[in-house]
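Please treat every number below as a calculation from the coordinates, not as lab data. Model, not experiment: these values are computed from the prediction. FYI the Cβ positions are ideal-geometry reconstructions off the backbone, even for glycines, and counts take in every protein chain you see.
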């Protein structure tokens, strides 16, 4: 919420300075500023968690891959950028550990094939899946859909032809994570996480309120 308020304030300030009155352009500027702030926050959590768990290089490469793919394919989000940053950082560390334990080259070819086929199908059907508040025209959606399909084909060819090359692990696992962020099971999982966080937040506020009331009574 704080990031959204900051982005809105900055976008409105920029529009006043430049004299811009087109609401679409103002909305686009707000979304871009909010996305940039959210990205910086996510990167901070990735660096901290990567250092703590000793997977910084892999985590940073994974983050770079996901950022590039998400900018084209879109994807699901949690209710706030802070939640996205925390959960995204945790998922990046988990994927980094998996990429180190099970490199792409050690995955059976048949499994690789099915992963790429499923990824192609999901991208073809779902991308771009944009967040609420991101203004896109029909033409922009068509361009992003085409770019998403080209990217996934290029990733498939690259991973298949050069399985031992530098960065292939991160490209593969980043692709898997990004593709999953377009699916309904991931939407249900994120909704569950949001509900759990909301429940914990409400519980904490309730306990805090009771303690304050008891102190006042004393």
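Observations
- Segment residue 162..residue 40, full-extension length gain: 40.8 nm, with 0.36 nm per residue of separation and the alpha-carbon distance subtracted.
- Residues in the range 67-89 that a label on residue 154 would reach, taking backbone N under 12 Å of a point 7 Å out along Cα→Cβ: 68-69, 72
- Whether the range 71-116 is rounded, prolate or oblate, judged on the alpha carbon gyration tensor where a/c under 1.5 counts as rounded: oblate
- Annotation for residue 180 and residue 202: the two label points, set 7 Å from Cα along the Cα-Cβ direction, are 2.8 nm apart.
- In a fully extended conformation the segment linking residue 71 and residue 194 would gain 42.0 nm over its present Cα-Cα distance, using 0.36 nm per residue.
- Applying 1/(1 + (r/R0)^6) with r as the Cβ-Cβ distance of residue 187 and residue 109 and R0 = 41 angstrom yields a FRET efficiency of 0.85.
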